[in-house]
């Protein structure tokens with residue numbers, strides 16, 4: 001069973017559930033049903049293979065890590081020091 005949470009451009013969230021059946025070795029397909037439909041469909045193996053074989057962590061998208069703004073020391077002191085010529 002695959003649960004997908006999606007958000008549209010307006011920010012509305014919706015949850016979908018897909019149930020994937022066993023693989024048909026004859027044509028490399030799977031039978032799938034969605035929580036949004038009463039119909040079963042046959043789906044090509046390449047379309048659901050990752051869902052069947054990969055672990056949950058593969059699909060999670062972590063928020064980006066904020067990057068610290070580091071200013072070089074020379075930049076912060078450059079305006080305080082005037083160059084002298086000898």
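Laboratory data are not the source of any read-out in this text; all were calculated from the coordinates shown. None of the values given here were measured: they were computed from a predicted structure. Quick reminder, even Gly has a Cβ in these numbers, built from the backbone with ideal geometry, and neighbours come from all protein chains shown.
Wrap a convex hull around the Cα atoms of segment 2-61, take a quarter of its surface area, and give that in square nanometres. Present the calculation step by step, with values, prior to reporting the outcome.
Working: hull surface 19.6 nm².
Result: 4.9 nm².
At residue 23 and residue 54, where each label point lies 7 Å from the Cα along Cα→Cβ, what is the point-to-point distance in nanometres?
1.6 nm
Quick one: length gained pulling residue 46 to residue 65 fully straight, 0.36 nm per residue minus the C-alpha distance?
Between residue 46 and residue 65, full extension yields an extra 3.6 nm.
If I stretch the segment between residue 5 and residue 31 completely, what's the gain in nm (0.36 nm per residue apart, minus their alpha carbon distance), one decimal?
7.2 nm
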